[in-house]
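Heads up: the structure comes next, in C-alpha cells.
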There are 2 protein chains.
Amino acid sequence: MNIQSFPSKLLENAVDEFSKLPGIGKKTALRLVLHLLRQPTEEVTQFSKAITTLKLEVKYCKQCNSISDTETCSICSNPYRDASKICVVESIKDVLSIEATNQYHGLYYVLGGVINPMEGIGPADINIGNLVNKIELGNVKEVILALSATLEGDTTNFYIFKKINQFPVSVSVIARGVAFGDDLEYTDEITLGRAIANRTKFETTISN
Amino acid sequence: MNIQSFPSKLLENAVDEFSKLPGIGKKTALRLVLHLLRQPTEEVTQFSKAITTLKLEVKYCKQCNSISDTETCSICSNPYRDASKICVVESIKDVLSIEATNQYHGLYYVLGGVINPMEGIGPADINIGNLVNKIELGNVKEVILALSATLEGDTTNFYIFKKINQFPVSVSVIARGVAFGDDLEYTDEITLGRAIANRTKFETTISN
C-alpha cells in the first residue's frame, strides 16, 4: 500500500509504529489502528498505558532473570516449589510454556539467549554467573537443560555443562524424540536417529 | 497458554491488552509484548504515544468523513482533485486501497458502514446527509458507488441511489467480474453470471 496516500499524518504515525512489530505488515497495522480508533478513549489509553507501564516498571527476578513485578519473581519466592531443581531456559516464553504443562514444580533460570557465533553471541554474552553461584551454595540437586533442539542450543548446553560439571549436581537434558501426533514417515533423520538411540523402556500406564 | 502462569501482573496486563486486538491471540500478543520490552524506552514511549495521540487528536473530515488531521482532509482540500466526482466507500481502508491504484482523482465520501439488518444497522445509521447536501449544491456530476460486493453493499447502493436519483447526477457502480488472475473454473456462479451479463466491448490497448 502506498504510504503517501495516508490522508492523516497521525494515522500514518500510528500505522508505522504498529508495522515495526514483528510479523505485522502495513495492512495489518492499519486494521489494528482502525480497530483501536473505534474503541472508547479509555480503552485506548488503557492499551498504551499497559505497554508503557510494563516497559518502565518491569523488573527482572534477581534469582532467575525472569520478568517479575518484584525483586524476586512469584515462582522463585513460592515456598511450595522444589528449590533443588533448576530448569535452564532461553527466554521467559519457555518458562510460560513449561508452566502450562503443569509437569514441572522446580525453579527456572532464564539465560536470555543461546551461544550463537553467527549472530555474534559468545559464551561471555550468556549470563550464567548467577546459576553457578546458586549451584555453589549446594542446595541444587538437579539442573535440567531445556534449550532449543538446535546446534546453538546444543553448544550452550555443552558450555553450561562444562561450567557446572565440577559441582555435585546431576545435569539432565529434556527428552528429544518424535513429537506426539507425528508420523514417522515425515520425521527428519536426526530426530528419528536420536529417538531410536535414546529409546526408553516401554511402560504401560493403563491399569485395568 | 495458561494465564495463571504469568509471573508478572504488568506483563499479563500488556498481553491482555494486545490480545484484545482483532486476529491477535495470546501467543502472538506475548511475542509482540516481549519484542517491545526488548526495545529502548523511547521506542516504546513513541509507540504508545502515537496511538494515544491519534485517538485524542484525530479529526474526521467535514466533507467526506475520512480521518484527517485538519477540518478538511488533504484529498477534499486538494484543488487538483476532480470535485465533480464523488466515490462512496464503506471505510477509510477503501479510500487508501483506491488511492493506491492511482486511477481515481475525484473526491470520496466515507459511509462508515453499510446497511446490515442482521447487525442492527438500518438506513438511519448510515450517514448520507452530507452527501445529499453536496449533490444538492449542484457541483457533483457523478457518484461512484464502491461498496462491498455483498448483499449488504447492494442494499446500501440501492438505498443511496433512491435518495440521490432525484438530482441531475449520474450514478455508477464499480465493475464486478472475474478478478485479474482468476481461473474461470474456480469462479463462483454469481460472479461469473454477472461477468457475462455485464460484458464490455473488447478493445485492445496494444498499439504497435
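Read the figures in this text as sums done on the coordinates, not as results from a lab. All figures in this text were calculated on a predicted structure; none of them were measured in a lab. Here the Cβ positions follow ideal geometry from the backbone for every residue, glycine too, while neighbour counts run over all protein chains shown.
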For the stretch A:74-83, Karplus couplings with θ = phi - 60° (6.51, -1.76, 1.60), whole Hz, Gly/Pro x: 5, 7, 5, 8, 7, x, 7, 7, 7, 6
How many nm is it between the label spots at A:Tyr159 and A:Asn78, if each spot is 7 Å from the Cα in line with the beta carbon? 2.9 nm
Kindly write out, for the stretch A:117-123 in residue order, the coupling ³J(HN,Hα) from the Karplus curve 6.51 cos²θ - 1.76 cosθ + 1.60 (θ = phi - 60°), rounded to whole Hz, with x marking Gly and Pro. x, 4, 9, x, 9, x, x
Using 0.36 nm times the number of residues separating B:His105 and B:Phe180, minus their current alpha carbon distance, what extension gain do you get? 24.8 nm
Per DSSP, the loop-located GluC sites (Glu not before Pro) within the stretch B:27-111 having at most 16 other beta carbons within 10 Å are B:Glu71
Residue by residue through A:10-22, how many Cβ atoms from other chains fall within 10 Å of the Cβ on average? 6
Have a look at A:Asn139, A:Asn65, A:Asn157 and tell me which one the Gaussian network model of chain A (Cα, springs below 10 Å) gives the largest fluctuation. A:Asn139
At 0.36 nm per residue, and after removing the present C-alpha to C-alpha distance, how many nm does the segment from B:Ser97 to B:His35 gain when stretched out fully? 19.4 nm
Mind ordering A:77-85, B:12-20 by average Cβ neighbours within 10 Å, highest first? B:12-20, A:77-85
Rotational relation B to A, axis-closest Cβ in chain B, residue and distance rounded to whole Å: B:Ser48, 2
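Could you line up A:Val178, B:Val114 from fewest to most neighbouring Cβ atoms inside 10 Å?
On the way: A:Val178 15, B:Val114 22.
Fewest-to-most Cβ neighbours within 10 Å comes out as A:Val178, B:Val114.
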Going by alpha carbons, how many degrees (0 to 90, nearest 10) lie between the helix axis of B:92-101 and the longest principal axis of chain B? 60 degrees
Of all lysine pairs in the stretch B:3-57 that are eight or more residues apart or on different chains, those with Cα atoms under 19 Å apart total 5
Whole-angstrom Cα spans of chain B along principal axes, big to small: 65, 48, 48
Counting sequence-distant residues (5 or more places) and residues on other chains, those with an amide H built under 5 Å from that of A:Val171 are A:Val143
Helix A:9-19 versus the longest principal axis of chain A: what is the Cα-based angle in degrees, 0 to 90, to the nearest 10? 10 degrees
At a Förster distance of 60 Å, what's the computed FRET efficiency of A:Thr70 paired with B:Leu151, Cβ-Cβ distance as r, to 0.05? 0.60
Taking the alpha-carbon distance from B:Lys141 and a cut-off under 16 Å, which aspartates and glutamates remain once sequence neighbours fewer than 8 residues away in the same chain are dropped? B:Asp82
Quick one: angle between helix A:26-38 and the longest Cα principal axis of chain A, in degrees between 0 and 90, rounded to 10, please. 70 degrees
If you rank A:Leu37, A:Leu184, B:Leu32 by fewest surrounding Cβ atoms within 10 Å, what's the result? A:Leu184, A:Leu37, B:Leu32
Across the stretch B:39-49, in residue order, what do the Karplus-derived ³J(HN,Hα) couplings come to in whole Hz, using 6.51 cos²θ - 1.76 cosθ + 1.60 with θ = phi - 60° and x for Gly and Pro? 7, x, 3, 4, 4, 5, 4, 4, 4, 6, 5
Which value in nm describes the separation of the simple spin-label points at A:Val132 and A:Lys9, placed 7 Å from the Cα toward the beta carbon? 5.4 nm
Got the relative contact order for chain B handy, in percent, Cα pairs under 8 Å and 6 or more residues apart? 12 percent
